[in-house]
Amino acid sequence: MHDADKVTRGRAITDKLAKILGPAQVGNYVEPRRPVTEAQQASSEQIRTGYRRVVAPDGTVRLERA
């Protein structure tokens, strides 16, 4: 095993917490959230309706164009 392959105790704890808590927040979480613009809503809706989620027999998930 190379030194780069070793997982330190701190890294192991971080990996477990990331699975529970999710990814780190990049913005200032104290400030109120900005309202979503109509353009952002339209873009999000286009992405949601433009793709469909497909689960393969082995359990893997991928997106396909609808």
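Throughout, read-outs are computed from the coordinates displayed, never taken from laboratory work. All of these numbers come straight from a predicted model, not from anything done at the bench. Here the Cβ is made from the backbone with ideal geometry for all residues, glycine too, and neighbour counts use every protein chain on show.
Once you put a point 7 Å from the Cα of K19 and another 7 Å from the Cα of A42, both along the Cβ direction, what distance in nm separates them?
With each label point 7 Å from Cα toward Cβ, the separation is 4.2 nm.
Nearest 500 deg cm²/dmol is fine: what mean residue ellipticity at 222 nm does the chain get from its DSSP H runs of n ≥ 4 alone, each adding -39,500 (n - 2.57), divided by its residue count?
The helix-only estimate for the chain comes to -12500 deg cm²/dmol at 222 nm.
Assuming a viscosity of 1.567 mPa s and a temperature of 4 °C, what translational diffusion coefficient in µm² per second does Stokes-Einstein assign to the chain, Rh being the Kirkwood radius over Cα pairs?
Here the translational diffusion coefficient equals 79 µm²/s.
Could you pull out every residue, at least 5 positions away or on a different chain, whose amide H is within less than 5 Å of the one on Y51? Hs are placed 1.01 Å off N in the peptide plane, and Pro or chain starts have none.
Residues meeting the amide H criterion: A66.
Any idea what angle helix 38-50 forms with the longest principal axis of the chain, computed on alpha-carbon atoms, 0 to 90 degrees, nearest 10?
That helix lies at roughly 80 degrees to the long axis.
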